[in-house]
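The values are calculated or read from the model by the stated rules, or taken from the named source; none is laboratory data. This is a predicted model, so every value here is computed, not measured. Neighbour counts are summed over all protein chains in view; Cβ atoms, including those assigned to glycine, are modelled from backbone coordinates with ideal geometry. Just the protein is used for accessible areas: all its heavy atoms, side chains included, with ligands, DNA and RNA removed. Shrake-Rupley method; radii C 1.70, N 1.55, O 1.52, S 1.80 Å.
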Amino acid sequence: MEIIRPDHPHAGPPPTATAPEHAAGTAAMEPGRQSHGSRAPVPADQSDPRRYLGVLLSFWWLILLITLLGTAAGAAYCILTTPLYRAVCRYEIELAPGGGQNNRTSIEDTAQAAARQRQILNGSRLRSQVMGKLTQKWSGVVSSLNVKVGIRQDREIPSIFDVSVDGVTGDYALDYLREMINEFQEVRRARALEANENALRYLWLEKQKLAQEQEDAQNTLVKFQKENNIRFTEAKQEFDEKFLTNLVQRQNALRTERTMLETQFPFLENANADTIQNAYQLTMETHQITGGAPYAAAAPAGQQPGGAGPAADNAAASGRAPLPSIGTVIAAAGGGMTSAQAGQNLDEYIARAEAEYQDLLGTYKPSHPAMREMKRQIEAAKRNLRFAADSSLKQLRSRFEALKIQEGALDSSARSWRGELDLSVSQRATYDSLRAKVEHLKQLHDQVFTRIIETTAKNADTSFSYMLEPPTAIREAVWPNPTRIMTLAILASICLGIGLAFLIDFFDTSLLDIMAIEEKLGLQYISSIPSWDRMIPNLDMKNAQVVVRRDKSNVPSEVYRSLRTTLEQMMGDRHGYALAITSTEANEGKSLTALNLAVTFSWTGHKILLVDGDLRRGKLHSPLSIETKIGFTDLLLGRVNDWREVVYPTSYENLFLLPVGKYNHSAPELLDPVKVRALIDEWGKEYDLIIFDTAPVGRVVDGALIARACDGTMLVTRQRISTFAGVRHAAHRLEGANLLGFCLNGIEITGKQLGYFNYYGYFRRFGRYGHYAYYNYYDRYKYGQYGYGAAAPGSPEAIAAAAAAAAAAKEDAAAAADHNGKPSSPAPPPPHGVGLIDS
């Protein structure tokens with residue numbers, strides 16, 4: 001035999017909907033016997049403000065108590081505190097800031113000065129001086145010489161202060177204020193004089209130091225003048241600057257001529273003498289224009305190339321020899337030409353001679369002596385022309401080399417003069433620096449001397465204070481202020497009470513937060529059950545008792561009917577459904593819930609089997625008046641072969657009990673889920689619903705083993721007993737079982753939990769059902785808060801109660817008819833004294 005898993009056909013159809021009474025509207029469960037661990041957690045909602053209101057309403061007594069204590073403390077303080085009277089005045093103090101150079105510095109200095117004056121006014125030294133002067137006068141007159149000094153600075157004018165003194169009498173406060181102002185003025189005067197003397201002493205020392213430094217600087221300047229002959233140095237520096245300027249100008253002119261000649265040499269290699277002569281003439285003109293005018297005059301514009309007149313004059317004036325003319329070169333070469341020929345342009349001569357030679361070729365042969373002579377002369381003229389060009393180019397190169405030598409000599413001379421000039425400039429700079437230092441020290445000395453004169457002539461009273469409003473006494477007491485003290489006491493006590501309420505709620509580990517169970521553990525909230533010990537007298541909560549009535553509607557009946565309706569929707573129409581009811585710890589009301597739930601299920605006409613599965617402390621046989629010593633334990637141990645031998649009918653129609661039997665230490669080891677499931681399958685053939693009352697799953701493993709064999713499990717928790725940790729532990733223990741959800745038992749409908757849950761959104765729904773609600777019901781039917789009381793016959797309450805009972809009976813009869821296919825007669829009432837609550 002194997003364990004029935006959630007996907008087994010006996011697991012039953014999926015539930016259709018959750019309980020309609022659930023205010024939050026929980027989602028429908030997944031199909032089959034689903035383990036609570038696989039259920040998707042309820043999505044976390046945003047924080048509901050009603051929860052905090054519920055906490056306040058739950059701890060209203062604590063908040064009220066602390067508020068009353070705070071109010072009493074405030075009143076006692078007002079009565080016992082010695083009244084204080086005030087004396088005030090308005091005082092202006094010249095702060096005399098330190099003279100910052102900008103507005104920000106001035107503001108900071110003013111703020112610091114104002115802070116220092118406040119510190120002096122409220123300082124212990126000034127207080128002791130004033131107390132010493134007033135002790136002899138007021139020691140036997142007032143009860144206390146201690147005062148409270150208040151200083152407030154004007155926001156618009158920082159130098160104005162409002163000074164107040166609070167004392168036991170107005171006259172003493174006024175006298176203290178006057179004496180304090182006088183002492184303050186004396187202190188400021190003494191400090192001002194002391195500061196003035198210190199400043200004068202510092203200024204005199206500074207003046208002496210500057211005078212000594214000025215004298216030393218003057219001596220150094222005179223010594224430097226003697227050692228360096230400053231006047232001669234200044235004259236020499238002026239001459240050197242002019243000479244060096246001319247020298248550099250001449251050097252630049254020579255460099256220009258040299259550069260031009262060097263650039264022209266590649267183009268004059270094959271040029272004739274006239275071209276070379278003209279190029280040299282243009283170079284001289286450029287030299288004269290760019291800086292050679294003081295040394296050479298400009299050449300006349302009408303000078304002919306090769307001429308010796310004007311060019312020679314210019315060359316003589318400049319001290320340089322001109323290039324030789326062509327005629328001079330030919331004559332020097334001994335070419336045999338006449339002076340007339342030498343004066344002609346040699347190029348034209350050669351051209352005419354060649355033309356004449358060509359003409360004579362028509363008459364004479366080239367071998368003719370005259371033709372040979374003419375040919376010789378033409379060749380000689382050409383040689384002379386080439387010689388003249390080479391000679392001119394050679395002279396240009398010689399001049400280029402001379403320019404380089406002259407330029408180098410000028411550069412060396414300029415460096416020498418520049419070094420001497422730099423030395424003169426350094427000496428002059430040193431002299432100017434010494435002279436500037438002497439002037440600066442003289443100015444500083446004069447400034448310090450001026451400040452000494454101003455400080456000596458300054459009157460110390462100019463920095464003292466001014467009384468804008470003289471000291472005045474206020475005849476009415478300024479402290480204590482009953483209105484302010486009582487307001488602050490009440491507000492502080494209310495805040496303290498609220499804080500303590502939330503603190504207690506924060507550290508409260510009892511099962512209060514239903515939404516936290518749903519969201520964090522994924523357990524579905526099924527229903528809630530009130531605390532019957534507050535409503536029903538002589539009810540033993542440790543033992544299960546029947547608190548429901550079918551013939552007359554009451555609060556317990558409506559509560560368990562609501563729970564029954566919710567479970568029916570969760571279980572569906574499945575025949576032979578096995579429901580295990582367990583709890584986290586003992587005394588949480590699981591047996592009471594299982595017993596009364598089985599009774600209400602029996603009213604619907606279903607055949608119910610109630611199994612007492614608490615092998616250690618099972619007591620369901622007592623409230624049902626069944627005396628037997630055999631039961632479920634014997635069935636597990638094999639002492640009884642047929643389970644029908646240990647199933648007993650009860651006084652309630654359709655309700656049968658399988659008692660626990662005698663406890664045996666080895667019985668828990670026999671709780672094999674496979675074996676229990678086999679028994680459930682056999683019971684399911686005869687009964688519509690099997691309800692197990694199991695042991696607390698948080699203590700022993702018995703309940704978890706039975707729950708795994710059942711189709712569904714409901715966890716019972718109790719308010720003020722169960723904890724969040726306990727519920728979480730039980731949920732882990734029930735891993736593998738189909739945990740339908742949890743039922744909250746034992747809520748206080750008139751205490752702390754009422755306000756909490758009512759505003760938390762779970763129990764406000766009962767107000768919609770009129771007389772079915774908790775409050776309206778026992779108020780309307782006169783059951784009272786601590787016990788039931790019968791309504792007067794014929795009264796509106798009795799008539800309403802009868803109508804409600806008839807409606808409930810009709811509802812149960814209709815449910816039974818739907819189950820059996822025919823109307824069911826009402827079950828006879830159980831015998832008196834068998835666990836029923838008599839109305």
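Here are some residues: Ala380, Ala389. Which one is touching a residue at least 24 places away in the same chain (Cβ under 8 Å), part of a helix (DSSP H, G or I) and touching an Asp or Glu at 6+ places or on another chain (Cβ under 9 Å)? Please lay out each step first, then the result.
Working: Ala380 fails: touching an Asp or Glu at 6+ places or on another chain (Cβ under 9 Å).
It is Ala389.
Which is at pLDDT below 75, surrounded by 14 or more Cβ atoms within 10 Å (Cβ to Cβ) and closer than 25 Å to Ala389 by Cβ, of Thr328, Thr283, Thr275? Steps first, answer last, please.
Working: Thr283 fails: at pLDDT below 75; Thr275 fails: at pLDDT below 75.
Result: Thr328 is the single residue among Thr328, Thr283, Thr275 that is at pLDDT below 75, surrounded by 14 or more Cβ atoms within 10 Å (Cβ to Cβ) and closer than 25 Å to Ala389 by Cβ.
Looking at the structure I just gave you, is Gly618 on the phi > 0 side of the Ramachandran plot and modelled with pLDDT under 90? I'd like the intermediate steps shown before the answer.
Working: on the phi > 0 side of the Ramachandran plot: no; modelled with pLDDT under 90: yes.
No.
Mind listing just one residue for me: the one in the stretch 534-554 that is touching a residue at least 24 places away in the same chain (Cβ under 8 Å) and among the charged types (D, E, K, R) and, of those, nearest to Arg617 (Cα to Cα)?
Lys542
Which ones in the stretch 69-97 are without any contact (Cβ under 8 Å) to a residue 60 or more places away in the chain and farther than 30 Å from Leu177 by Cα? Before the answer, list the steps.
Within the stretch 69-97, the subset without any contact (Cβ under 8 Å) to a residue 60 or more places away in the chain is 72, 76, 79-80, 97.
Scanning the stretch 69-97 gives Ala72, Ala76.
If Arg90 meets every condition in (1) at pLDDT 85 or above; (2) over 12 Å from Phe161 (Cβ atoms) apart from one, which number is that one?
(2)
Every residue in the stretch 637-675 that is modelled with pLDDT under 90, more than 60 Å from the chain's Cα centre (by Cα) and within 19 Å of Ala594 (Cβ to Cβ), please.
Gly661, Tyr663 - these are the residues of the stretch 637-675 that are modelled with pLDDT under 90, more than 60 Å from the chain's Cα centre (by Cα) and within 19 Å of Ala594 (Cβ to Cβ).
Considering each residue of the stretch 363-377, count those that are loosely packed, with under 11 Cβ neighbours inside 10 Å and either in a loop (DSSP other than H, G, I, E, B) or of a type in the set (Phe, Trp, Tyr) (or both), and give that number.
Within the stretch 363-377, the first condition is being loosely packed, with under 11 Cβ neighbours inside 10 Å, and the residues that meet it are 363, 365, 367, 369-370, 373.
From the residues that got through so far, the ones that are either in a loop (DSSP other than H, G, I, E, B) or of a type in the set (Phe, Trp, Tyr) (or both) too are 363, 365, 367.
Result for the stretch 363-377: 3.
Quick check, is Asp175 at pLDDT 80 or above, open to solvent by less than 40 Å² (accessible area, probe 1.4 Å) and of a type outside the set (A, V, I, L, M)?
Working: at pLDDT 80 or above: yes; open to solvent by less than 40 Å² (accessible area, probe 1.4 Å): yes; of a type outside the set (A, V, I, L, M): yes.
Yes, satisfied.
Do the conditions hold for Leu539, that is, is it open to solvent by 20 Å² or more (accessible area, probe 1.4 Å), modelled with pLDDT under 85 and not in a helix (DSSP H, G or I)? Working first, answer last.
Values: open to solvent by 20 Å² or more (accessible area, probe 1.4 Å): yes; modelled with pLDDT under 85: yes; not in a helix (DSSP H, G or I): yes.
When the stated conditions are applied, Leu539 passes them.
Looking only at residues that are under 22 Å from Thr717 (Cβ atoms) and not in a helix (DSSP H, G or I) in the stretch 542-566, which one is most open to solvent (accessible area, probe 1.4 Å)?
For the stretch 542-566, the residue satisfying everything is Lys542.
What pairs come out if I take residues in the stretch 467-479 that are closer than 18 Å to Glu183 by Cα and pair them with residues that are of a type in the set (D, E, K, R) and open to solvent by 80 Å² or more (accessible area, probe 1.4 Å) whose C-beta lies under 9 Å away, six or more apart or interchain?
Qualifying pairs under 9 Å: Pro470/Arg178; Pro471/Arg178.
So the check is Cβ under 8 Å with 6+ separation or different chains; which pairs have a first residue in the stretch 200-217 that's touching a residue at least 12 places away in the same chain (Cβ under 8 Å) and a second one that's among the hydroxyl-bearing types (Ser, Thr, Tyr) and part of a helix (DSSP H, G or I)?
Leu200/Thr455; Leu200/Thr456; Leu203/Thr455
Name the helices (runs of 4 or more DSSP H) wholly inside the stretch 633-745 in which the number of residues that are buried (at least 16 other Cβ atoms within 10 Å of the Cβ), touching a Pro at 6+ places or on another chain (Cβ under 8 Å) and hydrophobic (A, V, I, L, M, F, W, C) is 2 or more. So that I can check it myself, show each step before the final result.
On the way: elements: 673-684, 702-709, 724-733.
Helices (runs of 4 or more DSSP H) meeting the threshold: 702-709.
His606 is checked against (1) in contact with a strand residue (DSSP E or B) (Cβ under 8 Å, 6 or more places away or on another chain); (2) in a loop (DSSP other than H, G, I, E, B); (3) crowded, with 24+ Cβ neighbours inside 10 Å; (4) at pLDDT 90 or above and fails just one. What number does that condition carry?
(3)
At pLDDT 90 or above, of a type outside the set (S, T, N, Q), in contact with a Ser or Thr (Cβ under 7 Å, 6 or more places away or on another chain) and closer than 18 Å to Ala477 by Cβ: which single residue out of Val147, Val168 fits that description?
Values: Val147 fails: in contact with a Ser or Thr (Cβ under 7 Å, 6 or more places away or on another chain).
Val168 is the lone residue from the list that is at pLDDT 90 or above, of a type outside the set (S, T, N, Q), in contact with a Ser or Thr (Cβ under 7 Å, 6 or more places away or on another chain) and closer than 18 Å to Ala477 by Cβ.
Mind checking whether some residue in the stretch 152-172 is part of a helix (DSSP H, G or I), of a type outside the set (Asp, Glu) and open to solvent by 80 Å² or more (accessible area, probe 1.4 Å)? Before the answer, list the steps.
At the first step, the residues of the stretch 152-172 found to be part of a helix (DSSP H, G or I) are 170-172.
With of a type outside the set (Asp, Glu) added as a condition, the list becomes 170, 172.
When the remaining residues are screened for being open to solvent by 80 Å² or more (accessible area, probe 1.4 Å), the result is none.
No, that holds for no residue.
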